[in-house]
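Written below as C-alpha coordinates is the structure these notes are about.
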Amino acid sequence: MALDKNEVLEGLTEIIVDETGIDPADIALDRSFVDDLDIDSLSMMTIVTLAEDKFDVEIPDDSVKDLVTVGDAVDFIAGA
Amino acid sequence: MVADLAAAPLAVTGMGATTPLGGDVETTWRALLDGRSGVAALDNSWVEDYGIATNFAASLKVPADAVLSPQERRRADPSAQYALIAARQAWADAGSPAVDPERLAVVMATGVGGLQTMLGAWDTVRDRGARRLLPLTVPMLMPNSPAAAVAIDLGARAGAHAPVSACASGAEALVTGARLIQLGLADVVVAGGAEAAIHPLTLGAFGKMQALSTRSDSPETASRPYCATRDGFVMGEGGAAVVLESAAHAEARRARTHAALVGAGSSSDAYDVAPPDPSGQGQLRAMRAALAQAGPGVAATVAHVNAHATATPAGDAIEARAIVEALTWAFGSAERATAIPVSGTKSMTGHLLGAAGAVESIFTILALRDRLAPPTTNIQRLDPEVTCHVVRDRPEPLPATGPLAAMNNAFGFGGHNIALVFASV
(Lines give C-alpha, C1' and ligand atoms only; values in the text may rest on other atoms or scores of the structure.)
Protein backbone atom coordinates (compact mmCIF):
# COMPACT_ATOMS: atom_id res chain seq x y z
CA MET A 1 0.00 0.00 0.00
CA ALA A 2 1.42 3.33 -1.04
CA LEU A 3 2.21 5.78 1.71
CA ASP A 4 0.78 9.28 1.86
CA LYS A 5 3.35 11.71 0.48
CA ASN A 6 2.63 14.40 3.05
CA GLU A 7 3.17 11.91 5.84
CA VAL A 8 6.41 10.74 4.25
CA LEU A 9 7.65 14.33 3.91
CA GLU A 10 6.78 14.98 7.53
CA GLY A 11 8.55 11.84 8.76
CA LEU A 12 11.57 12.38 6.52
CA THR A 13 11.86 16.00 7.65
CA GLU A 14 11.97 14.79 11.25
CA ILE A 15 14.79 12.37 10.44
CA ILE A 16 16.80 15.03 8.56
CA VAL A 17 16.36 17.56 11.37
CA ASP A 18 17.42 15.06 14.04
CA GLU A 19 20.48 14.04 12.06
CA THR A 20 21.68 17.44 10.88
CA GLY A 21 20.07 20.11 13.02
CA ILE A 22 18.82 21.88 9.87
CA ASP A 23 15.88 24.23 10.41
CA PRO A 24 12.74 22.28 9.34
CA ALA A 25 11.59 25.39 7.46
CA ASP A 26 14.53 24.90 5.07
CA ILE A 27 13.41 21.40 4.11
CA ALA A 28 11.14 21.24 1.07
CA LEU A 29 10.49 18.87 -1.82
CA ASP A 30 12.66 20.84 -4.25
CA ARG A 31 15.71 20.99 -1.97
CA SER A 32 18.82 19.05 -2.98
CA PHE A 33 20.37 16.99 -0.19
CA VAL A 34 23.92 17.86 -1.26
CA ASP A 35 23.69 21.31 -2.85
CA ASP A 36 21.04 22.93 -0.66
CA LEU A 37 21.15 21.02 2.63
CA ASP A 38 24.91 20.31 2.66
CA ILE A 39 24.37 16.68 3.67
CA ASP A 40 27.46 14.48 3.23
CA SER A 41 27.36 10.90 2.00
CA LEU A 42 27.55 9.25 5.44
CA SER A 43 24.76 11.46 6.77
CA MET A 44 22.76 10.61 3.66
CA MET A 45 23.28 6.89 4.33
CA THR A 46 22.20 7.46 7.94
CA ILE A 47 19.05 9.25 6.80
CA VAL A 48 18.30 6.46 4.31
CA THR A 49 18.82 3.77 6.97
CA LEU A 50 16.56 5.56 9.43
CA ALA A 51 13.95 6.14 6.72
CA GLU A 52 13.96 2.44 5.80
CA ASP A 53 13.32 1.65 9.43
CA LYS A 54 10.65 4.29 9.93
CA PHE A 55 8.64 3.57 6.76
CA ASP A 56 9.43 -0.16 6.58
CA VAL A 57 10.73 0.09 3.03
CA GLU A 58 13.94 -0.95 1.33
CA ILE A 59 15.97 1.68 -0.49
CA PRO A 60 18.69 -0.22 -2.37
CA ASP A 61 22.18 1.31 -2.14
CA ASP A 62 22.18 1.68 -5.95
CA SER A 63 19.08 3.86 -5.79
CA VAL A 64 20.40 6.28 -3.20
CA LYS A 65 22.48 8.19 -5.76
CA ASP A 66 19.26 8.91 -7.68
CA LEU A 67 17.69 10.60 -4.66
CA VAL A 68 18.95 14.09 -5.43
CA THR A 69 16.17 16.11 -3.84
CA VAL A 70 13.94 15.61 -0.83
CA GLY A 71 11.09 15.14 -3.31
CA ASP A 72 12.96 12.28 -5.01
CA ALA A 73 13.22 10.52 -1.66
CA VAL A 74 9.57 11.15 -0.81
CA ASP A 75 8.48 9.76 -4.21
CA PHE A 76 10.69 6.69 -3.83
CA ILE A 77 9.46 5.90 -0.33
CA ALA A 78 5.81 6.60 -1.11
CA GLY A 79 5.99 4.45 -4.24
CA ALA A 80 7.94 1.59 -2.72
CA MET B 1 67.58 14.96 22.71
CA VAL B 2 64.60 15.01 25.04
CA ALA B 3 64.55 17.97 27.37
CA ASP B 4 64.47 17.02 31.04
CA LEU B 5 61.19 17.90 32.71
CA ALA B 6 63.11 19.30 35.66
CA ALA B 7 64.96 21.65 33.34
CA ALA B 8 61.90 22.55 31.27
CA PRO B 9 58.72 21.86 33.24
CA LEU B 10 55.42 21.96 31.44
CA ALA B 11 52.68 24.37 32.37
CA VAL B 12 49.16 23.11 33.06
CA THR B 13 47.10 26.06 31.84
CA GLY B 14 43.63 24.57 31.55
CA MET B 15 41.46 21.96 33.25
CA GLY B 16 38.07 20.51 32.42
CA ALA B 17 36.00 17.61 33.70
CA THR B 18 32.58 16.06 33.86
CA THR B 19 32.29 13.57 36.71
CA PRO B 20 29.83 11.77 38.99
CA LEU B 21 30.26 14.70 41.40
CA GLY B 22 29.70 17.59 39.01
CA GLY B 23 29.52 18.84 35.46
CA ASP B 24 32.70 20.87 35.81
CA VAL B 25 35.99 21.01 37.69
CA GLU B 26 35.07 23.43 40.48
CA THR B 27 31.74 21.76 41.31
CA THR B 28 33.45 18.39 41.40
CA TRP B 29 36.25 19.71 43.61
CA ARG B 30 33.87 21.32 46.12
CA ALA B 31 31.86 18.09 46.38
CA LEU B 32 35.08 16.17 46.87
CA LEU B 33 36.23 18.44 49.69
CA ASP B 34 32.77 18.06 51.25
CA GLY B 35 33.16 14.30 51.16
CA ARG B 36 30.09 13.73 49.00
CA SER B 37 29.46 10.48 47.15
CA GLY B 38 28.72 10.24 43.43
CA VAL B 39 27.65 6.63 43.77
CA ALA B 40 24.00 5.55 43.58
CA ALA B 41 21.83 2.56 42.80
CA LEU B 42 21.12 2.14 39.08
CA ASP B 43 17.50 2.48 38.09
CA ASN B 44 17.03 -0.68 36.03
CA SER B 45 16.33 -4.40 36.31
CA TRP B 46 19.83 -5.69 35.47
CA VAL B 47 20.03 -7.76 38.64
CA GLU B 48 16.78 -9.59 37.82
CA ASP B 49 17.41 -9.76 34.07
CA TYR B 50 21.06 -10.78 34.04
CA GLY B 51 21.94 -11.99 37.52
CA ILE B 52 24.70 -9.42 38.08
CA ALA B 53 25.75 -8.93 41.67
CA THR B 54 26.38 -5.18 41.51
CA ASN B 55 23.70 -2.75 40.48
CA PHE B 56 25.14 0.57 41.53
CA ALA B 57 27.66 2.90 39.95
CA ALA B 58 28.86 6.48 39.82
CA SER B 59 27.06 7.97 36.81
CA LEU B 60 27.65 11.48 35.46
CA LYS B 61 26.13 14.18 37.64
CA VAL B 62 25.23 16.28 34.59
CA PRO B 63 24.21 14.04 31.67
CA ALA B 64 25.81 14.77 28.32
CA ASP B 65 22.44 15.58 26.76
CA ALA B 66 22.28 18.66 28.99
CA VAL B 67 25.51 19.94 27.43
CA LEU B 68 25.85 18.74 23.84
CA SER B 69 23.45 19.22 20.94
CA PRO B 70 21.43 16.22 19.72
CA GLN B 71 23.50 16.22 16.52
CA GLU B 72 26.78 16.11 18.44
CA ARG B 73 25.49 13.20 20.50
CA ARG B 74 24.28 11.26 17.47
CA ARG B 75 27.77 11.31 15.99
CA ALA B 76 29.72 10.34 19.10
CA ASP B 77 29.74 7.44 21.52
CA PRO B 78 29.20 8.61 25.11
CA SER B 79 32.95 8.18 25.73
CA ALA B 80 33.71 10.70 22.98
CA GLN B 81 30.92 12.96 24.25
CA TYR B 82 32.51 13.09 27.71
CA ALA B 83 35.90 13.77 26.12
CA LEU B 84 34.44 16.66 24.14
CA ILE B 85 32.78 18.18 27.19
CA ALA B 86 35.97 17.99 29.26
CA ALA B 87 38.27 19.19 26.48
CA ARG B 88 36.08 22.21 25.67
CA GLN B 89 36.07 23.22 29.32
CA ALA B 90 39.84 22.81 29.57
CA TRP B 91 40.36 24.81 26.40
CA ALA B 92 38.11 27.63 27.63
CA ASP B 93 39.86 27.54 31.02
CA ALA B 94 43.18 28.01 29.21
CA GLY B 95 41.73 31.13 27.60
CA SER B 96 41.02 29.52 24.20
CA PRO B 97 44.54 30.45 23.10
CA ALA B 98 45.39 31.29 19.52
CA VAL B 99 47.72 28.40 18.71
CA ASP B 100 49.24 27.36 15.41
CA PRO B 101 47.06 24.30 14.64
CA GLU B 102 50.13 22.39 13.51
CA ARG B 103 51.67 22.89 16.97
CA LEU B 104 48.55 21.73 18.83
CA ALA B 105 48.10 18.02 19.61
CA VAL B 106 45.50 15.92 21.39
CA VAL B 107 46.04 12.86 23.55
CA MET B 108 42.69 11.54 24.71
CA ALA B 109 42.67 8.11 26.26
CA THR B 110 40.00 5.57 27.04
CA GLY B 111 40.15 2.23 28.76
CA VAL B 112 37.29 0.48 27.03
CA GLY B 113 36.35 2.71 24.08
CA GLY B 114 32.98 2.84 22.37
CA LEU B 115 31.45 -0.04 24.27
CA GLN B 116 27.88 1.24 24.24
CA THR B 117 27.98 1.86 20.50
CA MET B 118 29.52 -1.54 19.84
CA LEU B 119 27.03 -3.49 21.92
CA GLY B 120 24.08 -1.47 20.65
CA ALA B 121 25.18 -2.13 17.08
CA TRP B 122 25.43 -5.85 17.76
CA ASP B 123 21.87 -5.80 19.13
CA THR B 124 20.80 -4.15 15.86
CA VAL B 125 22.54 -6.74 13.68
CA ARG B 126 21.26 -9.68 15.68
CA ASP B 127 17.68 -8.46 16.04
CA ARG B 128 17.06 -6.57 12.80
CA GLY B 129 19.87 -7.38 10.42
CA ALA B 130 23.01 -5.61 9.20
CA ARG B 131 20.96 -3.38 6.90
CA ARG B 132 19.78 -1.41 9.94
CA LEU B 133 23.32 -0.57 11.10
CA LEU B 134 24.09 3.14 11.04
CA PRO B 135 27.00 4.21 8.82
CA LEU B 136 28.91 5.88 11.68
CA THR B 137 29.05 2.68 13.76
CA VAL B 138 32.76 2.04 13.20
CA PRO B 139 34.03 5.60 13.77
CA MET B 140 31.89 5.78 16.90
CA LEU B 141 33.02 2.53 18.50
CA MET B 142 36.76 2.80 17.86
CA PRO B 143 38.86 3.67 20.92
CA ASN B 144 40.54 6.60 19.17
CA SER B 145 37.13 8.19 18.70
CA PRO B 146 37.43 10.50 21.76
CA ALA B 147 40.86 11.71 20.58
CA ALA B 148 39.60 12.27 17.04
CA ALA B 149 36.49 14.08 18.24
CA VAL B 150 38.55 16.50 20.34
CA ALA B 151 41.14 17.07 17.59
CA ILE B 152 38.38 17.87 15.09
CA ASP B 153 36.63 20.15 17.57
CA LEU B 154 39.76 22.14 18.46
CA GLY B 155 41.36 21.97 15.01
CA ALA B 156 44.46 20.26 16.43
CA ARG B 157 46.72 19.16 13.58
CA ALA B 158 49.98 18.13 15.29
CA GLY B 159 48.59 14.68 16.05
CA ALA B 160 45.77 12.95 17.90
CA HIS B 161 46.71 9.99 20.05
CA ALA B 162 44.77 7.49 22.11
CA PRO B 163 46.83 5.56 24.64
CA VAL B 164 45.04 2.47 25.92
CA SER B 165 46.30 1.02 29.18
CA ALA B 166 43.13 0.13 31.10
CA CYS B 167 42.82 2.21 34.26
CA ALA B 168 46.18 3.91 33.68
CA SER B 169 45.01 5.32 30.31
CA GLY B 170 44.02 8.81 31.47
CA ALA B 171 47.35 9.33 33.22
CA GLU B 172 49.26 7.85 30.32
CA ALA B 173 47.67 10.54 28.15
CA LEU B 174 49.49 13.17 30.23
CA VAL B 175 52.76 11.23 29.92
CA THR B 176 52.34 11.02 26.16
CA GLY B 177 51.38 14.68 25.98
CA ALA B 178 54.42 15.70 27.99
CA ARG B 179 56.67 13.67 25.69
CA LEU B 180 55.19 15.28 22.57
CA ILE B 181 56.14 18.69 23.93
CA GLN B 182 59.53 17.49 25.21
CA LEU B 183 60.31 16.05 21.78
CA GLY B 184 59.43 19.38 20.20
CA LEU B 185 56.50 17.91 18.27
CA ALA B 186 53.92 20.28 19.76
CA ASP B 187 53.75 23.43 21.89
CA VAL B 188 50.32 22.76 23.35
CA VAL B 189 48.61 19.44 24.06
CA VAL B 190 45.09 18.77 25.26
CA ALA B 191 45.48 15.56 27.26
CA GLY B 192 43.05 13.48 29.25
CA GLY B 193 40.75 10.52 29.30
CA ALA B 194 37.11 9.55 28.96
CA GLU B 195 35.07 6.50 29.87
CA ALA B 196 31.44 5.52 29.49
CA ALA B 197 31.33 1.84 30.33
CA ILE B 198 28.53 1.41 32.85
CA HIS B 199 26.77 -1.59 31.32
CA PRO B 200 25.60 -5.00 32.55
CA LEU B 201 28.43 -6.60 30.56
CA THR B 202 31.17 -4.67 32.34
CA LEU B 203 29.50 -4.90 35.73
CA GLY B 204 29.14 -8.64 35.23
CA ALA B 205 32.66 -9.16 33.90
CA PHE B 206 34.47 -7.03 36.51
CA GLY B 207 32.26 -8.78 39.05
CA LYS B 208 33.48 -12.15 37.80
CA MET B 209 37.04 -11.00 38.57
CA GLN B 210 35.87 -10.14 42.09
CA ALA B 211 37.12 -6.64 41.38
CA LEU B 212 33.79 -4.87 41.99
CA SER B 213 32.15 -4.03 45.29
CA THR B 214 28.90 -5.92 45.82
CA ARG B 215 27.70 -3.72 48.67
CA SER B 216 24.33 -3.12 47.03
CA ASP B 217 22.63 -2.34 50.35
CA SER B 218 24.80 0.76 50.73
CA PRO B 219 26.05 2.13 47.39
CA GLU B 220 27.26 5.44 48.87
CA THR B 221 29.64 3.71 51.26
CA ALA B 222 30.62 0.88 48.91
CA SER B 223 33.86 2.44 47.64
CA ARG B 224 36.18 2.06 50.64
CA PRO B 225 39.83 2.58 49.75
CA TYR B 226 42.16 1.54 52.59
CA CYS B 227 39.29 0.25 54.72
CA ALA B 228 39.74 -3.16 56.29
CA THR B 229 36.33 -4.16 54.88
CA ARG B 230 36.90 -2.96 51.29
CA ASP B 231 35.51 -5.39 48.74
CA GLY B 232 36.33 -3.91 45.33
CA PHE B 233 35.91 -0.79 43.26
CA VAL B 234 32.74 1.00 42.20
CA MET B 235 32.32 1.64 38.49
CA GLY B 236 32.28 5.31 37.50
CA GLU B 237 32.20 7.26 34.26
CA GLY B 238 33.23 10.66 33.02
CA GLY B 239 35.80 12.70 31.20
CA ALA B 240 38.71 14.92 32.18
CA ALA B 241 41.29 16.91 30.26
CA VAL B 242 44.11 19.34 30.90
CA VAL B 243 45.89 21.77 28.63
CA LEU B 244 49.64 21.17 28.75
CA GLU B 245 51.92 23.82 27.37
CA SER B 246 55.64 24.31 27.01
CA ALA B 247 56.73 26.83 29.62
CA ALA B 248 58.00 29.11 26.88
CA HIS B 249 54.67 29.06 25.05
CA ALA B 250 52.71 29.68 28.24
CA GLU B 251 54.99 32.54 29.24
CA ALA B 252 54.87 34.15 25.81
CA ARG B 253 51.10 34.40 25.97
CA ARG B 254 51.13 35.27 29.69
CA ALA B 255 48.89 32.31 30.45
CA ARG B 256 47.61 31.68 33.94
CA THR B 257 49.31 28.47 35.08
CA HIS B 258 47.61 26.11 37.54
CA ALA B 259 50.69 23.98 38.20
CA ALA B 260 53.76 22.58 36.50
CA LEU B 261 54.04 18.99 35.35
CA VAL B 262 57.55 18.12 36.49
CA GLY B 263 57.63 14.33 36.46
CA ALA B 264 55.98 11.74 34.23
CA GLY B 265 57.02 8.17 34.98
CA SER B 266 55.80 4.93 33.49
CA SER B 267 56.66 1.28 33.91
CA SER B 268 55.22 -2.16 33.27
CA ASP B 269 54.99 -5.00 35.74
CA ALA B 270 55.62 -7.80 33.22
CA TYR B 271 53.95 -9.95 35.83
CA ASP B 272 50.28 -10.73 35.13
CA VAL B 273 47.47 -9.45 32.95
CA ALA B 274 45.17 -8.86 35.92
CA PRO B 275 46.59 -8.47 39.46
CA PRO B 276 49.50 -6.10 40.08
CA ASP B 277 52.91 -7.48 40.97
CA PRO B 278 52.44 -8.06 44.73
CA SER B 279 55.95 -6.78 45.42
CA GLY B 280 54.83 -3.34 44.15
CA GLN B 281 58.16 -3.00 42.34
CA GLY B 282 56.54 -1.98 39.07
CA GLN B 283 54.53 0.77 40.74
CA LEU B 284 57.63 1.82 42.64
CA ARG B 285 59.63 2.11 39.40
CA ALA B 286 57.00 4.46 37.92
CA MET B 287 56.97 6.64 41.04
CA ARG B 288 60.76 6.74 41.25
CA ALA B 289 61.00 7.64 37.57
CA ALA B 290 58.58 10.53 38.04
CA LEU B 291 60.32 11.73 41.20
CA ALA B 292 63.73 11.43 39.53
CA GLN B 293 62.52 13.53 36.59
CA ALA B 294 61.27 16.16 39.01
CA GLY B 295 64.75 16.27 40.50
CA PRO B 296 65.79 15.98 44.15
CA GLY B 297 64.90 19.59 44.96
CA VAL B 298 61.28 19.25 43.84
CA ALA B 299 60.92 15.66 45.04
CA ALA B 300 61.85 16.85 48.53
CA THR B 301 58.78 19.12 48.48
CA VAL B 302 56.24 16.38 47.73
CA ALA B 303 53.50 17.01 50.27
CA HIS B 304 50.56 14.96 48.97
CA VAL B 305 49.73 11.85 46.98
CA ASN B 306 46.48 11.19 45.14
CA ALA B 307 46.64 7.41 45.09
CA HIS B 308 45.19 4.98 42.58
CA ALA B 309 43.48 3.28 45.56
CA THR B 310 40.56 1.59 43.84
CA ALA B 311 39.43 -0.25 47.00
CA THR B 312 40.32 -3.73 45.81
CA PRO B 313 41.58 -5.84 48.71
CA ALA B 314 44.98 -6.60 47.14
CA GLY B 315 45.65 -3.40 45.19
CA ASP B 316 45.40 -0.77 47.92
CA ALA B 317 47.87 -2.47 50.26
CA ILE B 318 50.44 -3.04 47.51
CA GLU B 319 50.26 0.60 46.42
CA ALA B 320 50.39 1.93 49.99
CA ARG B 321 53.65 0.06 50.58
CA ALA B 322 55.09 1.25 47.24
CA ILE B 323 54.17 4.88 48.03
CA VAL B 324 55.98 4.73 51.34
CA GLU B 325 58.97 3.10 49.67
CA ALA B 326 59.08 5.72 46.88
CA LEU B 327 58.78 8.67 49.27
CA THR B 328 61.35 7.16 51.62
CA TRP B 329 63.69 6.97 48.63
CA ALA B 330 62.92 10.60 47.73
CA PHE B 331 63.17 12.00 51.26
CA GLY B 332 65.76 9.68 52.75
CA SER B 333 63.37 9.39 55.68
CA ALA B 334 60.74 6.72 56.31
CA GLU B 335 59.29 8.82 59.08
CA ARG B 336 58.57 11.70 56.71
CA ALA B 337 57.34 9.31 54.03
CA THR B 338 54.69 7.85 56.32
CA ALA B 339 53.47 11.35 57.30
CA ILE B 340 52.61 12.56 53.76
CA PRO B 341 48.82 12.83 53.33
CA VAL B 342 47.52 10.27 50.82
CA SER B 343 44.00 10.58 49.40
CA GLY B 344 41.81 7.91 47.83
CA THR B 345 39.29 10.04 45.99
CA LYS B 346 37.66 7.05 44.28
CA SER B 347 35.82 6.69 47.57
CA MET B 348 33.64 9.56 46.28
CA THR B 349 33.92 9.53 42.48
CA GLY B 350 33.97 5.79 41.96
CA HIS B 351 36.51 4.47 39.49
CA LEU B 352 36.43 6.36 36.19
CA LEU B 353 38.62 3.65 34.57
CA GLY B 354 40.33 5.28 31.57
CA ALA B 355 39.43 8.76 32.80
CA ALA B 356 40.60 8.16 36.39
CA GLY B 357 44.23 9.18 35.91
CA ALA B 358 43.20 12.41 34.20
CA VAL B 359 40.55 13.48 36.70
CA GLU B 360 42.80 12.60 39.63
CA SER B 361 45.63 14.61 38.08
CA ILE B 362 43.24 17.56 38.22
CA PHE B 363 42.48 16.78 41.89
CA THR B 364 46.23 16.67 42.55
CA ILE B 365 46.71 20.08 40.93
CA LEU B 366 43.77 21.54 42.87
CA ALA B 367 45.20 20.18 46.12
CA LEU B 368 48.36 22.16 45.35
CA ARG B 369 46.36 25.27 44.45
CA ASP B 370 44.20 25.20 47.58
CA ARG B 371 46.89 23.59 49.73
CA LEU B 372 44.32 21.07 50.82
CA ALA B 373 44.38 17.27 50.48
CA PRO B 374 40.89 15.90 49.77
CA PRO B 375 39.46 13.27 52.07
CA THR B 376 39.12 9.53 51.69
CA THR B 377 35.60 8.66 52.77
CA ASN B 378 34.01 5.41 53.89
CA ILE B 379 36.92 4.11 55.94
CA GLN B 380 35.23 2.47 58.87
CA ARG B 381 38.37 0.76 60.10
CA LEU B 382 41.75 1.50 58.54
CA ASP B 383 43.45 -1.60 57.17
CA PRO B 384 46.39 -2.16 59.55
CA GLU B 385 48.51 -3.18 56.55
CA VAL B 386 48.26 0.39 55.21
CA THR B 387 51.23 2.27 56.62
CA CYS B 388 50.98 5.49 54.63
CA HIS B 389 49.15 8.43 56.18
CA VAL B 390 45.61 8.30 54.77
CA VAL B 391 43.52 11.48 54.78
CA ARG B 392 40.21 10.42 56.26
CA ASP B 393 36.74 12.00 56.26
CA ARG B 394 37.85 15.65 56.14
CA PRO B 395 40.34 17.54 53.96
CA GLU B 396 43.76 18.00 55.46
CA PRO B 397 45.77 21.21 55.08
CA LEU B 398 49.10 21.06 53.25
CA PRO B 399 51.99 23.36 54.27
CA ALA B 400 50.69 26.93 53.94
CA THR B 401 53.83 28.47 52.47
CA GLY B 402 56.71 27.54 50.23
CA PRO B 403 56.85 25.50 47.03
CA LEU B 404 54.89 22.24 47.05
CA ALA B 405 54.73 19.17 44.87
CA ALA B 406 52.24 16.32 44.72
CA MET B 407 52.07 12.95 43.00
CA ASN B 408 49.25 11.13 41.24
CA ASN B 409 49.30 7.39 40.60
CA ALA B 410 47.32 5.40 38.07
CA PHE B 411 47.67 1.68 37.41
CA GLY B 412 45.89 -0.58 34.95
CA PHE B 413 45.15 -4.23 34.24
CA GLY B 414 48.05 -5.51 32.21
CA GLY B 415 50.54 -4.12 34.70
CA HIS B 416 50.62 -0.55 33.39
CA ASN B 417 51.93 1.90 35.97
CA ILE B 418 51.97 5.68 35.68
CA ALA B 419 53.06 8.30 38.20
CA LEU B 420 52.85 12.04 37.61
CA VAL B 421 54.44 14.74 39.75
CA PHE B 422 53.04 18.26 39.72
CA ALA B 423 54.58 21.31 41.37
CA SER B 424 53.00 24.53 42.58
CA VAL B 425 53.85 27.66 40.59
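Computed quantities for the displayed model
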| item | result |
| --- | --- |
| Within the stretch B:333-372, helices (runs of 4 or more DSSP H) holding 2 or more residues that are surrounded by fewer than 24 Cβ atoms within 10 Å (Cβ to Cβ) | B:334-337, B:356-370 |
| Residue in the stretch B:306-319 that is buried (at least 22 other Cβ atoms within 10 Å of the Cβ), in contact with a Leu (Cβ under 7 Å, 6 or more places away or on another chain) and touching a residue at least 12 places away in the same chain (Cβ under 8 Å) present | no |
| Residues located in the stretch B:273-299, provided they are crowded, with 16+ Cβ neighbours inside 10 Å and assigned to a loop (DSSP other than H, G, I, E, B) | B:PRO275, B:PRO276, B:ASP277, B:GLY280 |
| Any hit, the stretch B:173-192, residues being open to solvent by 20 Å² or more (accessible area, probe 1.4 Å) and among the charged types (D, E, K, R) | yes |
| Neighbours by Cβ (under 7 Å, 6+ apart or cross-chain): first from the stretch B:365-386, in contact (Cβ under 8 Å) with a residue 60 or more places away in the chain; second assigned to a helix (DSSP H, G or I) and open to solvent by 10 Å² or more (accessible area, probe 1.4 Å) | B:LEU372/B:LEU33; B:PRO374/B:LEU33; B:ASN378/B:THR221 |
| Single match in B:LEU84, B:LEU68, B:LEU60 (criterion: within 14 Å of chain A (Cβ to nearest Cβ) and either out of contact with any Leu (no Cβ under 6 Å at 6 or more places or on another chain) or part of a loop (DSSP other than H, G, I, E, B) (or both)) | B:LEU68 |
| Within the stretch A:11-30, considering residues that are surrounded by 18 or more Cβ atoms within 10 Å (Cβ to Cβ) and not in a helix (DSSP H, G or I), the one farthest from the other protein chains (Cβ to nearest Cβ) | A:ILE27 |
| Residue match in the stretch B:72-93 (condition: out of contact with any helix residue (DSSP H, G or I) (no Cβ under 9 Å at 6 or more places or on another chain) and closer than 28 Å to B:GLN182 by Cα) | yes |
| Index of the failed condition, B:ALA270 passing every other in (1) of a type in the set (A, V, I, L, M); (2) at positive phi; (3) in a strand (DSSP E or B) | (3) |
| Top-ranked residue of the stretch A:57-75 - restricted to ones that are within 11 Å of chain B (Cβ to nearest Cβ) and outside any helix (DSSP H, G or I), ranked as nearest to A:ASP30 (Cα to Cα) | A:ILE59 |
| Tabulated pairs, the stretch B:339-357, first within 25 Å of B:ASN144 (Cα to Cα), second in a helix (DSSP H, G or I) and among the aromatic types (Phe, Trp, Tyr), C-beta under 9 angstrom, 6+ apart or interchain | B:THR349/B:PHE363; B:ALA355/B:TYR82 |
| Which numbered condition B:ALA166 fails, given (1) surrounded by 15 or more Cβ atoms within 10 Å (Cβ to Cβ); (2) within 14 Å of chain A (Cβ to nearest Cβ); (3) at positive phi | (2) |
| Cross-chain or 6+ apart pairs with Cβ under 7 Å, the stretch B:390-402 first and farther than 17 Å from B:ARG336 by Cα, then assigned to a strand (DSSP E or B) and aliphatic (A, V, I, L, M) | B:PRO395/B:LEU372; B:PRO395/B:ALA373 |
| Where B:MET118 falls short, out of the listed (1) in contact with a Leu (Cβ under 6 Å, 6 or more places away or on another chain); (2) among the aliphatic types (A, V, I, L, M); (3) crowded, with 20+ Cβ neighbours inside 10 Å | (3) |
| Given (1) away from chain A (no Cβ under 14 Å); (2) more than 25 Å from B:GLY412 (Cβ to Cβ), index of the condition B:LEU136 fails | (1) |
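Residues checked against (1) at pLDDT 95 or above; (2) among the small types (Gly, Ala, Ser); (3) surrounded by 13 or more Cβ atoms within 10 Å (Cβ to Cβ):
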residue: A:LEU3; (1), (2), (3): no, no, yes
residue: A:PHE33; (1), (2), (3): yes, no, yes
residue: A:ILE39; (1), (2), (3): yes, no, yes
residue: A:VAL48; (1), (2), (3): yes, no, yes
residue: A:ALA73; (1), (2), (3): yes, yes, yes
residue: A:ILE77; (1), (2), (3): yes, no, yes
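The values are calculated or read from the model by the stated rules, or taken from the named source; none is laboratory data. Note that the structure is a prediction, hence the values are computed from the model and not measured. Cβ atoms come from the backbone with ideal geometry, glycine included; neighbour counts cover every protein chain shown. All accessible areas refer to the heavy atoms of the entire protein, side chains included, with ligands and DNA or RNA removed. Shrake-Rupley method; radii C 1.70, N 1.55, O 1.52, S 1.80 Å.
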